[in-house]
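Shown next, in structure tokens, is the structure this report addresses.
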């Protein structure tokens, strides 16, 4: 654990603050490092910390009563976890979160971030903006479910994830994702996802192996199956990810 230098972070939570204000906010946080698949917050626990991703990837999820893990949203650097810590009354985290890759985050204790809200009201404005954008993001996801075909939804999910979360290669963009995750993200059956992916591989749009897809041109790929969905339009983010899988949660490390 160590302090983060007050360099620039592209985060909606810090938008509109002056550089001295950003310096003060960041200096009040501690920096923590997490291994992949580390539990960060757990649904039902009191929200005593606010987290800001500096590097890596994370995601929100919850467990059903039957033990299924439902992934709600993938998180990129600049996004926050644990906004419930901003409320005046102690409240539990509404969902759990975990890292996907090796990740670093800034962490504020609840009392510290509440004090900063009093000094810098713009932080609360930004938190409300983020909450409103999440609502819009999920509305767009539901619109895509109602208005788009299965092929359009899967094409947009794969193309957007490749552009924003993929690893650039000489011949395209690599994305580590399973058929089941893509199927749930696009709200299609695993059979439909497998059939469409096989078709796109035959057409030379992608190369597919187990849990690994190379998208040769994300822009070209999306244009291959245009969609009425507005995924990716909200503050430059990508689609929500609705995947379900049976697995036990990893142990938490901070």
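Per-structure values
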quantity: Cα convex hull of segment 71-212, projected area averaged across orientations, nm²; calculated: 10.7
quantity: Cα-projected label distance for residue 136 with residue 87, points at 7 Å along beta-carbon direction, nm; calculated: 2.4
quantity: Span from the segment 157-179 Cα centroid across to the segment 26-99 one, whole angstrom; calculated: 24
quantity: Mean projected area (nm²) of the alpha-carbon convex hull when segment 12-142 is viewed from all directions; calculated: 8.2
quantity: Scattering curve values for segment 149-227, log₁₀ I(q)/I(0), Debye with Cα scatterers, q = 0.14, 0.22, 0.24, 0.26 Å⁻¹; calculated: -0.35, -0.95, -1.16, -1.41
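Computed from the coordinates by the stated procedures, all read-outs in this text should not be read as laboratory data. Everything quoted here is computed from the prediction, not taken from an experiment. Quick reminder, even Gly has a Cβ in these numbers, built from the backbone with ideal geometry, and neighbours come from all protein chains shown.
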